[in-house]
Amino acid sequence: MIPWLARPATTVPIPRYVPAAPPDAPPCDDLRYAGTQGVNSVTDEYGLAVRNGRSQTCALEGHPAVVVPPGGPGPLSVIATERDATVPPGFPAQGARFGLRPGQEAHVTLLVVRPCDHGRGSDARQRLRAFLPMGDAQTSFTILTCRGQGAVMSVGVLAPPEQRRKLRTWPLRTSLSLPHAVTAGTTSSYRVRLTNVSQRPFRFPYCPTFAARLNGRDRFGRLNCEPMGTLAPGAHATFAMRRLISAKLPSGQYELRWSLMDETLKFDVVARGSLSVRH
């Protein structure tokens with residue numbers, strides 16, 4: 001299922017969040033690979049981390065440099081993300097100089113778009129090297145690319161860790177707008193509305209996982225929440241969803257259960273609706 005976001009009715013700015021760096025703070029110098037995950041069928045997300053193992057605050061700013069060695073399996077275009085949607089709430093999307101306190105870890109996101117022909121075995125691996133923009137810290141890591149066709153990598157900004165706070169349930173109410181009937185073997189579209197029921201502005205600190213259950217089968221996805229911004233009290237945002245209705249599903253009336261995983265890692269934001277399936 002692929003979510004799209006309709007423009008919310010109102011937004012409220014959130015406080016700026018840039019940890020201070022003393023003028024004489026040395027550059028951070030411990031860069032390492034932090035893992036990968038798939039975002040969708042053509043995009044992979046890679047992470048780099050910077051840890052401050054010193055006894056004083058170090059400084060970070062900007063994008064890491066990624067060096068592509070010659071002779072790879074395909075061309076790789078590397079571009080800097082202009083407005084990084086993966087940074088913590090309140091941190092400038094274009095990046096900023098900030099301080100990393102002892103024991104803390106900063107992160108940066110690298111997105112690789114690789115439209116490979118998987119059926120023809122065009123997947124390939126490519127070794128890269130990354131450097132911090134200040135100092136001499138560097139690390140090597142491997143990405144998946146497309147043999148011959150190559151890929152495009154967007155490099156995000158270095159960003160501080162999110163502010164620590166107590167985990168909470170999302171202050172949201174959800175409702176579904178379902179079609180009157182759907183045909184088995186086709187893709188159905190429906191909408192999910194999330195409403196802020198609290199007395200304070202709300203913004204997702206990260207884009208959470210959602211689950212949609214039909215006839216006992218769950219489909220999971222990541223909510224496309226970046227464009228939503230901040231919801232004022234009582235405001236709502238509407239997300240469009242798609243789901244393939246199995247051709248083997250008999251005609252009849254079914255319940256669609258849509259739920260959102262909150263910060264406590266529970267699917268507590270739940271909505272249910274009736275869906276008529278026909279052949």
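Counting other C-beta atoms within 10 Å, and keeping those with at most 11, which DSSP coil GluC sites (Glu not before Pro) do you find in segment 38-136?
Counting only loop positions with at most 11 other Cβ atoms within 10 Å, the GluC sites (Glu not before Pro) in segment 38-136 are Glu82.
Report the local net charge at Val182: Lys and Arg +1, Asp and Glu -1, summed over other residues whose C-beta lies under 10 Å from its C-beta.
Working: positive: Arg243, Arg278; negative: none.
Surrounding charge for Val182 is +2.
Which one of Arg222, Arg120, Arg97 has the biggest mean-square fluctuation once the chain is modelled by GNM with Cα springs under 10 Å?
Highest fluctuation of the listed residues: Arg120.
At a Förster radius of 25 Å, what calculated FRET efficiency corresponds to the Cβ-Cβ distance of Arg242 and Gln37, to the nearest 0.05? Walk me through the intermediate numbers first.
Working: r = 22 Å, r/R0 = 0.86.
Result of the calculation: an efficiency of 0.70.
Suppose all protein chains stay in the model; what accessible area per residue would a 1.4 Å probe give for segment 108-167, in Å²? Present the calculation step by step, with values, prior to reporting the outcome.
Values: 3160 Å² over 60 residues.
That works out to 53 Å² for each residue.
Would you work out the relative contact order for the chain, in percent, from Cα pairs under 8 angstrom that are 6 or more residues apart?
Values: 713 pairs, mean separation 64.1, N = 279.
Result for the chain is 23 percent.
Restricting the count to DSSP beta bridges whose residues both fall in the chain, what percent are antiparallel, rounded to a multiple of 5? Don't skip to the end; give the middle numbers.
On the way: 74 of 83 bridges.
In the chain, DSSP labels about 90 percent of beta bridges as antiparallel.
Does segment 137-279 classify as rounded, prolate or oblate by the C-alpha gyration tensor (a ≥ b ≥ c root eigenvalues; a/c under 1.5 gives rounded; else a/b over b/c gives prolate, otherwise oblate)? Please report the intermediate quantities before stating the final value.
Numbers: a/c = 2.47, a/b = 1.25, b/c = 1.97.
In terms of gyration-tensor shape, oblate.
So, with +1 on the Cβ of K and R and -1 on the Cβ of D and E, and no other charges, what is the size of the charge dipole of the chain about its Cα centre, to the nearest 20 debye?
Working: 34 positive and 19 negative charges, 220 e Å.
Computed about the Cα centre, the dipole is about 1060 debye.
What span do the alpha-carbon atoms of the chain cover on each of the three principal axes, reported in whole Å from largest to smallest?
Sorted largest first, the three principal extents are 67, 54, 27 Å.
As I understand it, the dipole of the chain uses +1 on the Cβ of Lys and Arg and -1 on the Cβ of Asp and Glu, about the Cα centre. Which of Val157, Leu128, Val87 lies farthest toward its positive end?
Value: Val87.
Can you give me the distance in nm between label points at Val68 and Asn224, each placed 7 Å from the Cα along the Cα-to-Cβ direction?
Between Val68 and Asn224, the simple spin-label model gives 2.6 nm.
Any idea which of Ser140, Thr174, Ala49 is furthest toward the positive side of the dipole for the chain, if Lys and Arg beta-carbons carry +1 and Asp and Glu beta-carbons -1?
Thr174
Mind jotting down the distance between the C-alpha centroids of segment 44-67 and segment 111-131, whole Å?
23
Among the Cys residues of the chain, which have no other cysteine Cβ under 4.7 angstrom away?
Taking the Cβ cut-off of 4.7 Å, the chain has no unpaired cysteines at all.
How would segment 90-183 be classified by its alpha-carbon gyration tensor: rounded, prolate or oblate, with rounded meaning a/c under 1.5 and the a/b versus b/c comparison settling the rest?
Details: a/c = 2.93, a/b = 1.05, b/c = 2.79.
Oblate, since a/c reaches 1.5 and b/c is not below a/b.
What FRET efficiency do you get for Arg217 and His180 if R0 is 35 Å and r is their Cβ-Cβ distance, rounded to the nearest 0.05?
0.95
Given a 1.4 Å probe and every protein chain left where it sits, what share in percent of the accessible area of the chain is carbon and sulfur? Provide the component values of the computation, followed by the final result.
Details: 7240 of 14730 Å².
The C+S portion of the solvent-accessible surface of the chain is 49 percent.
Roughly how big is segment 27-171's charge dipole about its Cα centre, with Cβ charges of +1 (Lys, Arg) and -1 (Asp, Glu), in debye to the nearest 20?
Working: 16 positive and 12 negative charges, 72 e Å.
That gives a dipole near 340 debye.
Specify whether the C-alpha gyration tensor of segment 212-279 places it in the rounded, prolate or oblate class, a ≥ b ≥ c being the square roots of the eigenvalues: rounded for a/c under 1.5, otherwise prolate if a/b is larger than b/c and oblate if not.
Numbers: a/c = 2.34, a/b = 2.04, b/c = 1.14.
Taking the square roots of the gyration eigenvalues as a ≥ b ≥ c, segment 212-279 is prolate.
The values are calculated or read from the model by the stated rules, or taken from the named source; none is laboratory data. Because the structure is a prediction, the values reported are computed rather than measured. FYI the Cβ positions are ideal-geometry reconstructions off the backbone, even for glycines, and counts take in every protein chain you see. Calculation scope for accessible area: heavy atoms of the full protein, side chains included, ligands and nucleic acids excluded. Shrake-Rupley method; radii C 1.70, N 1.55, O 1.52, S 1.80 Å.
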